[in-house]
1. Restricting the calculation to Cα positions, tell me the Rg (one decimal) and the Dmax (whole number) of region 104-168 in Å.
2. Out of region 248-336, which chymotrypsin sites (Phe, Trp or Tyr not before Pro) are coil in DSSP terms and have no more than 12 other C-beta atoms within 10 Å?
3. Contact order normalised by length for the chain, with contacts defined as Cα pairs under 8 Å and 6 or more residues apart; what percent is it?
4. Quick check on the exposure proxy: order 480, 43, 472 from fewest to most C-beta atoms within 10 angstrom.
5. Which one, 406, 303, 184, projects farthest toward the positive side of the charge dipole computed for the chain from Cβ point charges (K/R +1, D/E -1)?
6. Could you give the dipole magnitude of the chain about its Cα centre, charging the beta-carbon of Lys and Arg +1 and that of Asp and Glu -1, in debye to the nearest 20?
7. Using only the Cα atoms, work out Rg/Rh for the chain, with Rh taken as the Kirkwood radius, to two decimals.
8. Calculate the spin-label point distance for residue 227 paired with residue 432, positioning each point 7 Å from the Cα along the beta-carbon direction, and give it in nanometres.
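Rule-based calculations on the coordinates, nothing more; no lab input. Given the structure is predicted, the values throughout are model-derived calculations rather than measurements. Cβ placement follows ideal geometry from the backbone for every residue including glycine, while neighbour counts extend to all protein chains displayed.
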Amino acid sequence: MPSRGELGGSGLARAQTPDELGVPTAAVRALIKRLQHRGLITHSLLIARDGVLAYENYAPPYGPRVPHRLYSISKSYVAVAVGTLIDDGWLRLEDPVMQYFPELITGVDLHPYLAAARVEDLLTMRSPHAATTYKRARDPDWVRTFFTVPPSRPPGMLFAYDTSATVVLTAIVERLSGLGLVDYLMDRVLRRIGVEHGLTALFSPTGMTPARRGGQPSTREVLNNPNGVTHGGSGLLGTPRDLLRFAQLCLNDGRWGADQIVSTQYMRAATGYQTATIHTHPGEPDNQCGYGYQFWRTRHGFAARGMGSQVALCVPSQALVIVTTGDNQGIPGADQIFFDAVWEEVLPALSSPASPAASDSTGLAPAARGAKASDVIEATPPSLHLPVVPTGEQRPEGVSATFALAPAQVAYVGLTIRVGQDDGELRLQGLDGTVARIPFGVGRHRVHPLPGYDYETYSSGAWIDPRTVHIHSHVLGHFHAQIRFTLTLTLDGQRVILMMDGAAEMFAEEFSGTANGHRIG
């Protein structure tokens, strides 16, 4: 039977193999292979059943103790915080939102749609706005933009994804509790479920001048700002294990052991169906199952979800929780790929928990490089990894060449490419003479700062045919990105076409576009 030893004092027990919990090792193996076959970049995968951790696996450098940007999963944490304030009598679903921000509406001719907006309207993404307001106003006070940007519809009517609504809810939590969102959640909820490493957060740039923001736009979150509101819409970071605990709490209708942390009534409403999403994301059925209070419904339950395929998936009928993190920005329908893989590879294979003798424990290997054997449940091959550009037909002599790029096509006027047997480097020269360096490994990653940002970056590259060099950079940490460079040379090596494709939120725009060049060195 599964070992009931506590994981980090959390009360979340762990099994020796997935099979003990009726989750066949073969199904886990099929799930990972399918995700990799579809090109998804998965940083972690954790599976729990009946409150027992059955499986976990990490792509280095990620591991059990490494926080991950949760993006819009943050919204679900805000919903739970709101629920505790409602349970404790500090807040009501029917409260007008404006009553919590008198300084922002005093002397203002407030639009009646904004005056009518209730807490529940923001929780269900039926706000008066069709889109996030702080992305449509040059104002670093994101909460204020909710009241100054003209609304477009009566509240409580139509679902539209509005992250500014969650930011406003976060501000209400912070005002009523007198604490930052992270401190409040830790005190009221997360320590009670054994969270090991806590949350960290990014903030709105409220009160920061353009100079203090380092020239970044007012739409960009910041690492530190005592005057800002916690970016509850997208800015929380936590470990996948702690996210699994949070998801298990939600699956348990707010109960952890004998401790009812959030009321059953509220949690069932939050994770249940509140409003239609049928008009969103054609061709992606799990986006069209409805929305609760900052939770998405799915065909088999509900999920907390964030950009780039951050997913905490709960299947109540199977007492199943699956957590995955990654970075799949730029892959259309990535979440649907994940959901389809779970529905088709895992759900049909589930059975009742098996006896230990029936467990398949062969072929298991440690899940994360550098982690202690006692820290991770052993993982089945294939292991998770940050994809490396596959080596194709390399030129034996390598290449080292400099090209001038046609003006005004991209942010750069020149490039130098060097490819050796084991590593290489792409240099991009800007209009002002600065040089962006992208070192890369051949058949492996090289770790370097992202030029202009200093974000930790893992890059690999290779000849994929006699004329084409491809480089893939994974940007990790507080701000994720996938950046790809493709250089196609003529057979004589005298001309080049550079294509850059950057998938990132509100940064690294300079690493996008296509330009022609001729050789000058």
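1. For region 104-168, the Cα radius of gyration and maximum Cα-Cα distance read 10.6, 30 Å.
2. none
3. Contact order relative to length: 16 percent.
4. In increasing order of surrounding Cβ atoms, one gets 472, 480, 43.
5. Towards the positive end, the residue furthest out is 406.
6. 340 debye
7. Working: Rg = 24.4 Å, Rh = 24.5 Å.
Using only Cα positions, Rg/Rh for the chain is 0.99.
8. Result: 2.5 nm between the two label points.
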